[in-house]
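Beneath this line is the structure, given in structure tokens, with notes to follow.
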Amino acid sequence: MSIIDSLEWPGVRHHYDNRVRVHKELIDLHKMRRVVDFADLALGISDEAGNYSAVEHGLGPKVLSTNLNASQQVFKLASSFQSLKNARAVPELIRKANMKNLQIGVGSEISCLINPRVCWVANTRTIWTHLAIKHADNIAKAEEELKLYREADPSSEMAYQMWSAIHSELDVALTRIAELGAQRARAAGVAPGDVIYLWADAIAAYLYDVHHRNNRRRLIR
């Protein structure tokens, strides 16, 4: 039995639909060049579904307050993501943007929400899900390995290399997670999402939230 067999697929589908909604809103805001509104959504400020990574670590306001013309810079970075045909360029584009408090976790999430058929999310949730499945549902091993990414100095070269490497791994991993999730969703009578990387993101987000919420409940008891 896989860790994803415990999921409630209507809930996963709700996560997916929410992210699709945000994607469409971002596209509309980008077309209208509503730079401030776009940045606020892309950083999870106006809607937490815009960027789970930024919300979880309180990074949205920090990005805006620690970078000159921050909203314009976020808009420009997203524009570079929108034209990509290969998501492996995402880490380097984030590096070149050189924005404080905007690293691969937050940046890759922006890339996926603006260009979801090409780009994927490399954040705590997707990495944790990948590691849990990689370690045959051994949650302790997944948590321990995840610490390497969460506790690394985000401004260091070593952290960049680590996150860049795991970002690359997630292409195949998330595609496989999406396929496994689609099989189980159909068996449960739920239509899977047709945008693979957003569907995989929804599975990872739901699985991570459920597992860690359950852990907190056990601790409270």
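Taking neighbour Cβ counts within 10 Å as the exposure measure, how do R125, R176 sort from fewest upward? Provide the component values of the computation, followed by the final result.
Values: R125 24, R176 13.
Lowest count first: R176, R125.
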- Convert each backbone phi in segment 71-79 into a coupling constant with the Karplus relation 6.51 cos²θ - 1.76 cosθ + 1.60 (shift: θ = phi - 60°), then list the ³J(HN,Hα) values in order as whole Hz, x for Gly and Pro. 4, 5, 5, 5, 4, 5, 4, 4, 4
- So, with +1 on the Cβ of K and R and -1 on the Cβ of D and E, and no other charges, what is the size of the charge dipole of segment 3-220 about its Cα centre, to the nearest 20 debye? 280
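For S156, S80, what ranking results if the residue with the fewest other Cβ atoms within 10 Å of its Cβ goes first? Don't jump to the answer; show the numbers that get you there.
Details: S156 10, S80 17.
Least to most surrounded, the residues fall as S156, S80.
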- Item | Lys/Arg +1, Asp/Glu -1 at C-beta; the chain dipole; positive extreme among H130, A165, G189 | G189
- Note on the structure: Note: V36 to S2 extended length (0.36 nm per residue) minus current alpha-carbon separation gives 8.0 nm
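Given the -39500 (n - 2.57) contribution per DSSP H run of 4+ residues, what per-residue ellipticity at 222 nm results for the chain, rounded to the nearest 500 deg cm²/dmol?
Details: 11 runs with 154 residues, N = 221.
So the calculated ellipticity at 222 nm is -22500 deg cm²/dmol.
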- Message: Cut-off under 20 Å on the C-alpha distance; same-chain residues fewer than 8 positions from K31 excluded. Which aspartates and glutamates are left, in chain and number order?
- Response: D40, D47, E109
- In degrees between 0 and 90, to the nearest 10, how far off the longest principal axis of the chain does helix 196-220 point, with axes built from Cα atoms? 70
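The numbers here are math on the coordinates, done by the rules we state, and not lab data. Because the structure is predicted, anything quoted here is derived from the model rather than measured. FYI the Cβ positions are ideal-geometry reconstructions off the backbone, even for glycines, and counts take in every protein chain you see.
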